[in-house]
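Participant: Take this structure, written in structure tokens, and hold onto it; I'll ask about it next.
Throughout, read-outs are computed from the coordinates displayed, never taken from laboratory work. Computed from a prediction, not measured in an experiment: that's the story for all the values here. So basically every Cβ, Gly included, is an ideal-geometry build from the backbone, and we count neighbours across all protein chains shown.
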Amino acid sequence: MATRPPTVSPTLAGRLRTIGADQSGAPVVPQARLSGPMPSVIAIMVLLTGIAAAAGLALGNLAAQASADLAGGVTVQVVNASADARARQANDALAVLREAPGVSAVRLVPAAEVDALLAPWLGTTTAGDPASADAIPVPALIDARLEGGAGVAKVANLRGRLARVAPDARVEAQASWLEPVFDAIAALRWLALAGIALLAASTVAAVLLAARTALDRHRETIEIVHLLGGTDGQIARIFQRNVALDAAVGGAVGLALAAAAILVLGNRFAALGSGLAGSAALGLEDWLVLALVPLAAVVLATVTARLAVLSSLRRML
């Protein structure tokens, strides 16, 4: 004897049409309109994540550019109170550096250029006029460039060569001066990554809360749908589709706001006229990475919603 499917009252049938359908292949959970806090939450998360990611990328560009500019750079300082001895040792050191293997470029920094560099801190040092009574004994500077980078062994070799003709010469790799800056940049990049991880965790928590709230609101109807033959997979697909739509809209809004904020901040830093600030500008590859942030938010929200719904449905049976 064939069994008849369970009958459904008109009231319950209306509810099923509102939030789902029957076994004919139609959705078993409603296609809800974009409402509630989920799109706004995703937009805020994408906005903050985009800004944090942009900061990390900009800091990476700054560090890479500074490292490339200083790679192989060596500065020789001839420190001597006597102007004549200082000039003599500087010329001898310059001759040795020009003949040293591995040195691709070398130049004696003019006294006027050194004076201009020190003027913001010391005023006019009159380094170009040692006979002046107001002259401050400023070290003679030689700028050299080594092939293949300024390694420890190469710098030590230069020190040994210069010690014979310029005992007052001090040789330092230019990159060593910015090591504290590089360390600070690395710490800030790790901080940006930590912020992105926290925002991702917050997004997961928000999606979990929204999914469980929706399931609790439709618990009775979902149980009826189960009795009518609806599967957990069908229900989960509809929930995750709704969450994905909310996340896509929120992600698009968040990315637009993040892009606007990044452009405004970029213009402010560019107005500083600093070489370091200019090297931190975002390139095309960086913007492509930022464009992946809302996509990652959609994937994260969709997967989280599906897993949360399936887990809750198993406990409902």
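Participant: Can you tell me the length gained on complete extension of the stretch ALA256 to ALA281, counting 0.36 nm per residue apart and subtracting the Cα distance?
Facilitator: Details: separation 25, 0.36 × 25 = 9.00 nm, distance 1.83 nm.
Gain on stretching ALA256 to ALA281: 7.2 nm.
Participant: What nm distance separates the two modelled labels at VAL303 and ALA85, each placed 7 Å from Cα along Cα→Cβ?
Facilitator: A separation of 6.9 nm, rounded to one decimal place.
Participant: Right, next: Taking the Cβ-Cβ separation of LEU209 and VAL289 as r and a Förster radius of 30 Å, what is the calculated FRET efficiency to the nearest 0.05? Mind showing how you got there, number by number?
Facilitator: Working: r = 29 Å, r/R0 = 0.96.
For R0 = 30 Å, the calculated efficiency reads 0.55.
Participant: Let me ask something else. Classify the range 162-274 from the C-alpha gyration tensor, please: rounded if a/c falls under 1.5, else prolate or oblate depending on whether a/b exceeds b/c.
Facilitator: On the way: a/c = 5.82, a/b = 3.11, b/c = 1.87.
Verdict is prolate for the range 162-274.
Participant: Among 89-102, 241-254, how do they line up from the highest to the lowest mean number of other beta-carbon atoms within 10 Å?
Facilitator: Values: 89-102: 17.1, 241-254: 22.1.
The densest-packed peptide leads the list: 241-254, 89-102.
Participant: What does the C-alpha gyration tensor say about the overall shape of the range 58-124? Classify as rounded when a/c is under 1.5, otherwise prolate if a/b is larger than b/c, or oblate. Let's see the in-between values first.
Facilitator: Values: a/c = 3.32, a/b = 1.28, b/c = 2.59.
Verdict is oblate for the range 58-124.
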